[in-house]
Amino acid sequence: MSRLRRAAGRIWRVASIPLLAIILAFIVAAVVIVVSSVFTSTGLDVFLPLGAYGSLLAGAFGSGTGISNTLVAAAPLILGGLAVGLGFKAGLFNIGVAGQFLVGAFAAAVVGARLAGAPGVIAAPVALIAGALGGAAFGFIPGFLKARTGAHEVVTTIMLNNAAVLLLTWAVNDLVRAPGFSFPRTGDLGHSALPILLGRNVHLGIPIAVLAVFSVRWLLDRTTNGFEIRTVGQNPNAARYAGMRPIFITTLTMTLSGLLAGVAGAIQMLGVIGFYAPGITASVGFDSIAVALLGRSDPIGILFAAILFGAFRAGAPLMQIETSVPVEIIDIIQALVILFLAADLIVRRVFRVRAAKPVISELATVTRTWAGGAPPGGGA
Amino acid sequence: MDAVGTVFRLIWELGVYLYTVVPDLLPIILALATPLALGALCGVLNERSGVVNIGIEGIMLMAAFFGYLTGFALHDAVGSGVSIALGILAAVFVGALLGLVHAWLTVSVRADQIIAGTMMNIAAFGVTGYLNRLIITPSGRGGAGVIAPFHLPDAIANLPFVGPILVMFLDQGPIAMSVLFIVIALQFALFRTRWGLRTRAVGEHPKAADTVGIDVYRQRYLNVIFGCALAGLAGAFLTLESTGSFQNGMTNGRGFIALAAMIFGRWTPIGALAGALLFGTATALGVVVSIRIPEGDLGDIMRSIPSYWYAALPYLMTIVILAGVVGRSTPPAADGVPYVKEGKG
């Protein structure tokens, strides 16, 4: 019994602040909903948050369709969360998940359409790998630049996000536009589409995402490269003195991070969207940051956080239809969760809890390397 | 030899072309550079005092929205001109208010500064998108419009040589015009006044500053709030001087390009303006090239480059410049390092 209690205590120590941060975010968002209801035609409605959160819950878990929508929405968030979380472990902040996701989706769509007639056993994996490689290549660029020149990934990845949207639009318009459609898009996937495992939309990408959780966990905990990634994240100087190669590790981590984001794009393309057209938006980018922070960069934590945010994304449309509360409330809730994780002092004061610090220590490295800034461990 | 000759001829034609489009370029460069310059100044003030702020993008977006919303709400009651002026004030106020939030998070709570900025960006995206869908979209009406730009008399604008330069800086709206004065004032303030010395002291060596009696927290709060008010002005420029409308996510990475301009300008106001003008020129070139294509082979080559590449130019240029400049410029020593007062946990 005491062992069970100790285990529960350990989980509570790690998970209490994230859980309480979510609760607090929902409370504050409820205030936002009530106050903003003044501006709607129905006027002030104190009970609107209850209705909205009820619809959100119903949309995410209230039916078989709801649950499968949640899983489908969670899959790219798991991979995107892993991408951001892996970067954090090495002291890198990959805000470029949105761009790497798009490149991965595009590569998978183009290769998938080319192999539409081939047997599915070959076509789908090859298209998936193409997406992974596309994302990896797009993650390599900021990683290499950071390692070689010190150009901070926070700026370069955002710039690459914007460039990716424009250049992929050009590519779809001018290079790979499929004939016979009234708007620019890639061709049909045919046999390259990921098989549906269950119901209407539970596709193979979901087990792939779960597999990625354990792969990243294995990489970080059981391999030399994983050890070096964690050491570079904790203290790049110590890593250098220990004979590790921060330049190589930084480039490798961003490439792997991009690869995970590319797989996220590929499974979304091959399992859900079906073709690449300009205007595909990737809310996955911001969501992945929230998922990684909420999951404390731990692969298992990211899995749970991604399912939670997947549920928000899956339930939000029903909420907007039934209660007219805009879906953007999810972004507000996300920002609030991050706020309460970063300023955990608020959560501690409100709920009077003592628990482990919710934000991981490697983040300090991200800030320290800003603009090639003060050497790690130095400064004031 | 023939190939070399062709290359030289093309370079010559490009030079001639660039010279002929200068009159088209000059009037639009400053307008494109204004939000970048103001954002970069926000970065300079923040980081000179030791606070990293990657939330400039979000603050700009938030200010752009609330400035627009103010004009939108008031313009039936008080008329276009007054409502725009109040909108600008509201945007600057929102910027300062968000600066207060960022200062509280980074200075008092000592939250991770990069995460605080990320939170700001996501919150801005959510709040503006939420209120836009709730209030502005269903109303179906527009905002208060834009401030009328100032026009130089033709006699001055047509002067040889100085005319186009004067047009570049003075044939503009009030916010764009004010940028030059703000830059000069800040350059002076940062390097020639007691406030500037204190700002740089808390950014370079907060402990030493504290020892000689400078209130590190107060100095950082002031800088972050004032800097973010400038980012608010940049937001006001976007909705109330430049476009006259609000779209979700309309800042479109400008807050981050501004940070690159700040690094390019080595954390000085004048350098930041130079960086912003460089990006403004790249963007302006993309605009001009798509409307005025030269004759001959050069025109064929330029036509063969898709417009999307020109549009992506500022983003790609940011990356190249950042990769080339960083490492050769040194940020303030205590940039991003929270300060803990002696005897405080």
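Note on B:TYR217/A:ALA118: beta-carbon distance plugged into 1/(1 + (r/R0)^6) with R0 of 56 Å gives a FRET efficiency of 0.30.
Determine, for B:HIS75, B:HIS151, the number of other Cβ atoms within 10 Å of each Cβ, and report the residues in order from fewest to most. Please report the intermediate quantities before stating the final value.
Working: B:HIS75 21, B:HIS151 11.
Sorted ascending by nearby Cβ count, the order is B:HIS151, B:HIS75.
Between A:ILE67 and A:LEU4, the simple spin-label model (points 7 angstrom out along Cα→Cβ) gives 2.5 nm.
Mind scanning A:LYS357/B:LYS341; A:LYS146/A:LYS357; A:LYS89/B:LYS341 and naming the pairs with a C-alpha gap bigger than 25 Å?
On the way: A:LYS357/B:LYS341 21 Å; A:LYS146/A:LYS357 28 Å; A:LYS89/B:LYS341 29 Å.
Over 25 Å apart, Cα to Cα: A:LYS146/A:LYS357; A:LYS89/B:LYS341.
Across segment A:53-62, computed HN-Hα scalar couplings (Karplus, 6.51 cos²θ - 1.76 cosθ + 1.60, θ = phi - 60°) run 5, x, 5, 4, 5, 5, x, 8, 10, x Hz from first to last residue, x flagging Gly and Pro.
Projected label points at B:SER245 and B:LEU197, each 7 Å from Cα along the beta carbon direction, are separated by 5.2 nanometres. If you wrap the tightest convex hull around every Cα atom of segment B:73-122 and split its volume per residue, you get 77 Å³.
For segment A:2-372, the percent of C-alpha pairs falling in each 10 Å distance bin, counted from 0 to the bin holding the largest distance, reads 6, 23, 31, 26, 13, 3, 0. Sorting B:SER290, A:SER68 by the number of Cβ atoms found within 10 Å of their own Cβ, with the fewest placed first, yields B:SER290, A:SER68. For segment A:1-56, the Cα gyration tensor yields ellipsoid semi-axes of 37, 10, 6 Å (square root of five times each eigenvalue, largest first, whole Å).
Look at the stretch A:322-332: the mean tally of other chain Cβ atoms within 10 Å of its residues' Cβ atoms is 5.
Give the whole-number value, in cubic angstrom per residue, of the convex hull volume spanned by the C-alpha atoms of segment A:162-314. Mind dumping the intermediate values first?
Details: hull volume 23.0 nm³, N = 153.
In segment A:162-314, the Cα hull volume divided by residue count equals 150 Å³.
Its relative contact order, with pairs defined as Cα atoms under 8 Å and 6+ residues apart, puts chain A at 34 percent. Compared with the dominant Cα axis of chain B, that is its longest principal axis, helix B:254-264 is turned about 90°.
Diagonalise the Cα gyration tensor of segment A:220-295 and give the resulting equivalent ellipsoid semi-axes, square root of 5 times each eigenvalue, largest first, whole Å.
Values: eigenvalues 210, 34, 24 Å².
Computed over segment A:220-295, the values are 32, 13, 11 Å.
Dipole size of segment B:123-273 about its Cα centre, with +1 on Lys/Arg Cβ and -1 on Asp/Glu Cβ: approximately 500 debye, rounded to the nearest 20.
Largest mean-square fluctuation among B:PRO331, B:PRO174, B:PRO306, in a Gaussian network model of chain B whose springs join Cα atoms under 10 Å apart, belongs to B:PRO306. Distance from the C-alpha centroid of segment B:6-61 to that of segment B:230-273: 10 Å, rounded to the whole angstrom. Taking segment B:25-68 and a reference point 7 angstrom along Cα→Cβ of B:LYS341, no backbone N atom is nearer than 15 Å. Projecting the Cα atoms of A:ILE267, A:ALA306, A:LEU252 onto the dipole axis of segment A:2-372, where Lys and Arg carry +1 and Asp and Glu carry -1 at the beta carbon, places A:LEU252 farthest toward the positive end. Label-to-label distance for B:SER139 and B:TRP309 is 4.4 nm, based on points extended 7 Å past Cα in the beta-carbon direction. Rg/Rh for chain B (Cα atoms only, Rh after Kirkwood) is 1.02. For segment B:204-309, the percent of C-alpha pairs falling in each 5 Å distance bin, counted from 0 to the bin holding the largest distance, reads 2, 9, 12, 15, 15, 14, 11, 8, 5, 3, 3, 2, 1, 0.
Using the Karplus relation 6.51 cos²θ - 1.76 cosθ + 1.60 with θ = phi - 60°, the per-residue 3J(HN,Hα) values for segment B:20-34 come to 6, 8, 3, x, 6, 6, 3, x, 9, 4, 5, 4, 6, 7, 4 Hz, with x marking Gly and Pro.
By average Cβ neighbour count within 10 Å, what is the ranking of B:219-232, A:259-272 from highest down?
Values: B:219-232: 26.3, A:259-272: 30.6.
For the peptides B:219-232, A:259-272, the packing ranking is A:259-272, B:219-232.
Would you mind computing the Rg to Rh ratio of the protein assembly as shown from its alpha-carbon coordinates, Kirkwood style for Rh? We get a ratio of 0.97 for the protein assembly as shown.
Each part gets one Cα centre, and for segment B:108-140 versus segment B:285-309 those centres are 38 Å apart.
Taking every pair of distinct Cα atoms and averaging 1/r, then inverting, what Kirkwood hydrodynamic radius in Å comes out for segment A:255-339? Each step should come with its number before you reach the end.
On the way: mean 1/r = 0.0706 Å⁻¹.
About 14.2 Å, per the Kirkwood formula over Cα pairs.
On the basis of the beta-carbon distance and an R0 of 60 Å, B:PHE8 and B:TRP104 show a calculated FRET efficiency of 0.50. Taken about its Cα centre, segment A:2-372 carries a charge dipole of about 1400 debye when Lys and Arg each add +1 at the Cβ and Asp and Glu each add -1 at the Cβ.
Going by neighbour counts of Cβ atoms within 10 Å, the residues B:THR239, B:THR193, A:THR231 line up, fewest first, as B:THR193, A:THR231, B:THR239.
For segment B:22-141, evaluate the Debye formula with one uniform point scatterer on each Cα (no solvent term) and list log10 I(q)/I(0) at q = 0.13, 0.16, 0.20 Å⁻¹, rounded to two decimals. Normalising to I(0) and taking log10 leaves -0.62, -0.86, -1.11. When the alpha carbon coordinates of segment A:236-380 are projected onto the principal axes, the ranges are 58, 46, 28 Å, largest first. Work from the charge dipole of chain B (Cβ charges, +1 for Lys and Arg, -1 for Asp and Glu, about the Cα centre) and give the residue of B:ALA103, B:TYR310, B:GLY249 farthest towards its positive end. Toward the positive end, the furthest listed residue is B:ALA103. Amide H contacts under 5 Å for A:VAL202: A:LEU197, restricted to partners 5 or more places along the chain or on a different chain, H placed in the peptide plane at 1.01 Å from N. Taking the centroid of alpha carbons for each part, segment A:316-342 and segment A:104-175 are 29 Å apart. In chain B, a dipole from Cβ-located charges (positive for Lys and Arg, negative for Asp and Glu) runs towards its positive end, and of B:PHE264, B:GLY71, B:VAL224 it is B:VAL224 whose Cα lies farthest in that direction. Computed on chain B, with alpha-carbon pairs under 8 angstrom and 6+ residues apart, the relative contact order is 35 percent.
All of the numbers you see were taken from the coordinates with simple rules; none came from a lab. Computed from a predicted model, the values in this text were never measured in an experiment. Ideal geometry is used to build each Cβ from the backbone, glycine not excepted, and the neighbour counts take in all protein chains shown.
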